[in-house]
Amino acid sequence: MCPQRPPGTLAAMKPQSMAVETHELSKRYRRVSALTTCTVTVPEGRVCALVGPNGAGKTTLLRMLAGLTRPTGGTARVLDGVPRQNAAFLAEIGFLAQEIPLYRRFSAEDHIRIGAHMNPRWDASLVRTQLTRLRIPLGQRVGTLSGGQRAQVALALTLAKRPRLLLLDEPVAALDPLARQNFLATLTAAVADGGGGLTVVLSSHLVSDLERVCNHLILLAGSRVQLSGDIDTLLTEHKVLAGPGDDAAGQKQNLTLEQMVVAYMGADEASGGKHLTTIGEGS
Amino acid sequence: MTWLVWRQYRAQGAIALALLAAFAAVILADGFQLAAHWHSILTTCSGNNACLQQQEPLVNGVVSDLPDISLIVPTVLGILWGAPLVAHELESRTTDFAWAQSVTRTRWLAVKIGWLLLAAAAYGGVIAALTTWWSGPINALSASAFVPGQFDTQGIVPVGYAVFAMALGIAAGTVARRTLPAIAVALGGFIALRLVVSTVLRPHYMAAVTTYYKVTGSFTPPGQAWVLGQGAVSRSGVVVAQGWGDLYPALPASCQRLLPTSPTGKSGSESAVFSCMQAHGWRGFATYQPAGRYWPFQGIETGIYLLLAAALIAVAFAIIRRRDA
């Protein structure tokens, strides 16, 4: 159904397996195209930033990868399977939606028990340890917790599934800087604990946050992929493009992730929807 | 999955059980009193039908209306539990939590719907059983179990109503994705269907039996039959239901003259009118569903509601499976 390696990827030459591999993945809602021919790969063990303006298709892409939304075109392979409504597939995916969905009248402990009944692998002690460490009351209704605490509860519950792919949709958008930092610290620790077995795709507007935790990038604008690949590789390439020339001494300006992202955000308009995909997996 | 359903509904379930216990307590207390009264009547009359017919109705006041509570139970179940089942989870986005676990949407819906339909059937069934038991003496004295109103609260039909109302609420919530419109549809749809089925469809589940008899005599179908219509019919086929006002213009002039000005007062003149009518070829008639059809009718009506419930549940599944989350 889906070619093992989309044409043109360097990944075909590398032994590293892909956690996410999409080929011309598209989603149309009646007349609106939410995602257009999206071809990206995320190697296993990476922390991938999914950035782009509002309405760029970030949520659509994440929900398709999670098996919640069906594509209208193209194919996706996630952890060597097709995203679908299947218990074995769903068990591998940790998906945290934008609104931090929890049962507001239930306590964290209730959620832990619900998770235990709905997942084959369930690390209840991980959630309890984590939340106790953060001094988040386990027995209190989550509706009465602060936004940052709720996000931590939701992330801990998502991690308790012991997923191999973590899909996080703007999890820090509503959080204050401290809560954001704590959230990302938890995420970083989880990736470190995973020992390369956990892949993360994380969407956000806050590029400065992403710079610290992510090593891979997918940039969407106007429902299309504008840029994707290893962040260091992308920065080096763009430095080369922007750097030399008139400067004889070879003085290269240091391009930040933020500068690069901002430059491409408007690329959709400027290039008339030209497909600017750069791929550079591995490092 | 079952634990999630238990956690979500245990508080409401406890309230529902408490209400059921209160209903049962009143029904049982009153029912034993009623049964005792009925036994004393039986002893007094010792098989004398005329004596039984002179007895006053067995219940008065508030308690006589108590079984009517069971008429609104299905609607309440459909509104409070059925409509929010999917709609409220979509509204509060908790589906994004539930569907992110290692459980497919289909299974999530199947377990939730399964338990709630079971709860509705059990709840409707217990109330129906209590009401049926309570109504025993009244059924025996008034032979009224088949009559609309009594028929709707006894036997197995309340189970069908409860399951249907729940299914309607669930399906409406799944289609509308919002609780409030789903409640409106569940309420309106249930009442409308109940009215249509009980007044339009039910009399025709089987072809009614019509018995003709001498207009001077009288006729009561045996047992707890459901009389759909009774009156007089002329030789040329003019049908007049009971009531002097309707009868007068239909009568031949010779009989009209015999009609008493105040019909209730002079029964002697009434029999003269009947004799006159018989001489002109009028017959009495009664159209009814015989008592033996009570359970077949209960079965047919329950079947209709269960089939409709199954169709609604199928719609809910089709939508949840196909629609993007």
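Side notes on the structure shown:
- Projecting label points 7 angstrom from Cα along Cα→Cβ for B:Ile72 and A:Asp232 puts them 7.2 nm apart.
- Residues B:Lys112, A:Lys58, sorted so that the one with the fewest Cβ neighbours within 10 Å comes first: B:Lys112, A:Lys58
- Once the Cβ-Cβ distance of A:Thr132 and B:His37 is raised to the sixth power relative to R0 = 56 Å, the FRET efficiency obtained is 0.30.
- Extension gain for the segment B:Thr106 to B:Leu307, taken as residue separation times 0.36 nm less the Cα-Cα distance, is 70.3 nm to one decimal.
- Per-pair calculated FRET efficiency, R0 = 35 Å: A:Glu44 and B:Ala318 via Cβ, rounded to 0.05: 0.45
- Where labels lie 7 Å past Cα in the beta-carbon direction, separation of A:Arg121 and B:Cys51 in nm: 8.2 nm
- Residues in region A:173-211 reached by a label modelled at A:Val262 [backbone nitrogen below 19 Å; 7 Å Cα→Cβ]: A:204-211
- Fewest-first ranking of A:His111, B:His280, B:His39, using other Cβ atoms within 10 Å as the exposure measure: B:His39, B:His280, A:His111
- Angle between chain B longest axis and helix B:267-279 axis [Cα atoms, degrees, rounded to 10]: 90 degrees
- Residue-span extension gain [B:Val147 to B:Leu228] - 0.36 nm each, minus C-alpha spacing: 28.2 nm
- Simple label model, 7 Å out from Cα along Cβ direction - A:Lys239 to B:Ser254, nm: 12.4 nm
- Between 0 and 90°, nearest 10: helix B:105-142 axis offset from chain B longest Cα axis: 20 degrees
- Estimated purely from DSSP H runs of n ≥ 4, each contributing -39500 (n - 2.57), the mean residue ellipticity at 222 nm for chain B is -20500 deg cm²/dmol once divided by its residues.
- Euclidean distance between Cα centres, region A:128-184 to region A:15-63, Å: 24 Å
- By the beta-carbon count within 10 Å of each Cβ, the least crowded to most crowded order of B:Tyr9, B:Tyr161, fewest first, is B:Tyr9, B:Tyr161.
- Cβ-derived FRET efficiency at R0 51 Å, B:Ile15 paired with B:Tyr205, nearest 0.05: 0.90
- In terms of its C-alpha gyration tensor, region B:10-58 has a prolate overall shape, because the principal axis ratio a/c (a ≥ b ≥ c, square roots of the eigenvalues) is not below 1.5 and a/b outweighs b/c.
- Residues of region B:102-146 with amide N under 20 Å of a point placed 7 Å along Cα→Cβ from B:Trp6: B:102-104, B:107-123
- Per-residue mean of C-beta atoms belonging to partner chains within 10 Å, peptide A:94-103: 5
- Extension reserve of the B:Trp133-B:Arg177 stretch, reckoned as 0.36 nm per residue once the Cα distance is removed: 11.8 nm
Just so you know, all these numbers are worked out from the coordinates, no wet-lab data involved. Computed from a predicted model, the values in this text were never measured in an experiment. With ideal geometry, Cβ positions are generated from the backbone for all residues, glycine too; neighbour counts draw on all protein chains shown.
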